[in-house]
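For reference, the structure is listed below as structure tokens.
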Amino acid sequence: MSSGQESVFTEYETDTSQTSKLLRKFKETPFVPIGMAGFAMVVGYGLYKLKHRGDMKMSLHLIHMRVAAQGFVVGAITCGVLYSMFREYVVKPKE
């Protein structure tokens, strides 16, 4: 890039810290971090219940936890898509 040209990515170059990038991304798409946190909670709960699963086979327990984690993430992504569609088509005024 020559010195006379203006940078195209000025908005992204000014926010260089990781926390500012994370906060900006969280404001743009809030349901993605919520889905990731829910996934981590389901995995944590699954590891906790792994010790007290009783007579249930290990493979069956892991399948149930995988389905629960995937369901939480898919639900969060679906809510995020519905939220962005609501923001785009209902709240945003017609131009």
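Here is how the numbers come out for the structure above:
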read-out	value
Length gained when the stretch Q18-K92 is fully extended (0.36 nm per residue, less Cα-Cα span)	23.7 nm
Per residue solvent-accessible surface (Å²) - segment 17-95, probe of 1.4 Å	82
Rounded to the nearest 10 Å², the accessible area of L50 at probe 1.4 Å	50
Rounded percent of accessible protein surface that carbon and sulfur make up, segment 46-91, 1.4 Å probe	69
Vicinal HN-Hα couplings computed from phi for segment 80-92 (Karplus, 6.51 cos²θ - 1.76 cosθ + 1.60; Hz; Gly/Pro x)	x, 5, 5, 5, 5, 5, 4, 5, 6, 9, 9, 7, 5
Gain on full stretching of the segment that runs from M56 to V74 - 0.36 nm per residue minus C-alpha separation	3.9 nm
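The values are calculated or read from the model by the stated rules, or taken from the named source; none is laboratory data. Keep in mind it's a predicted model, so treat the numbers as computed, not measured. Remember, those area values only see protein heavy atoms, side chains included, never the ligands or the DNA or RNA. Shrake-Rupley method; radii C 1.70, N 1.55, O 1.52, S 1.80 Å.
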